[in-house]
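The values are calculated or read from the model by the stated rules, or taken from the named source; none is laboratory data. Just so it is clear, the structure is predicted and the values come from calculations on it, not from any experiment. Here the Cβ positions follow ideal geometry from the backbone for every residue, glycine too, while neighbour counts run over all protein chains shown. Surface accessibility is based on the protein's heavy atoms, side chains included, excluding ligands, DNA and RNA. Shrake-Rupley method; radii C 1.70, N 1.55, O 1.52, S 1.80 Å.
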Amino acid sequence: MTEWDAFEEGLAEQLSSLGAGSVLIVRETGRTGRYAQFLQSDEGLGAELVGDHHLDPALRAGETGSRLIAEAGWQPPQDTVYGHNWAVELPWPSPSDAYRALAAMTVTGLRDGLRIAGPQALVYEAWDGRRGNRPLVLPLLGLMPED
């Protein structure tokens, strides 16, 4: 099992257990701007993968990376005024297969589309927006929380 495989499994499990109001951001260390984010609401789990708009040209997915991201199942950025991110939404509740598919899409986006070398380059930030934004500890991700 590769590091990406382990991250994918842990991400699927963590996503399936998020409570309504939970927010999770998985980002590359440093200030690259490359990330995936998730918001669990009462209706579903919204997911976004950063688009090229605000990224340094050397860090953008470009044509090849964008094709890989789209083929993985991400919907291309639609809103050019407020949002430039790839997006997908799962209804709540969803079967475990749906969370595994979303985790696989996320890995494809980060690894293949955005060319992040491995999960060791990632950190996470998570909180519960319905409980005073208290931090969430998500050990199944296998990532360090962002300082």
Full-extension gain in nm, residue 53 to residue 127, via 0.36 nm per residue minus C-alpha separation: 24.0 nm
Net length gained if the chain between residue 63 and residue 98 were fully extended (0.36 nm per residue, minus Cα distance): 9.9 nm
Inter-centroid distance (Cα atoms) of segment 27-53 relative to segment 75-147, Å: 5 Å
Whole-number accessible area per residue in Å² for segment 54-101, which is evaluated in the context of all protein chains at 1.4 Å: 68 Å²
Within a Gaussian network of the chain (alpha carbon springs, distance under 10 Å), most fluctuating of 49, 68, 24: 68
Whether segment 54-95 is rounded, prolate or oblate, judged on the alpha carbon gyration tensor where a/c under 1.5 counts as rounded: oblate
Potential extension, residue 43-residue 120 segment - 0.36 nm per residue separation minus Cα distance: 24.5 nm
Extent along principal axes [Cα atoms of the chain; Å; largest to smallest]: 38, 31, 29
Rounded percent of accessible protein surface that carbon and sulfur make up, segment 94-147, 1.4 Å probe: 55 percent
Within segment 97-134: backbone nitrogen closer than 18 Å to the residue 31 label point (7 Å, Cα to C-beta): 123
Dipole in debye (nearest 20) - segment 25-147, about Cα centre, beta carbon charges: Lys, Arg +1; Asp, Glu -1: 260 debye
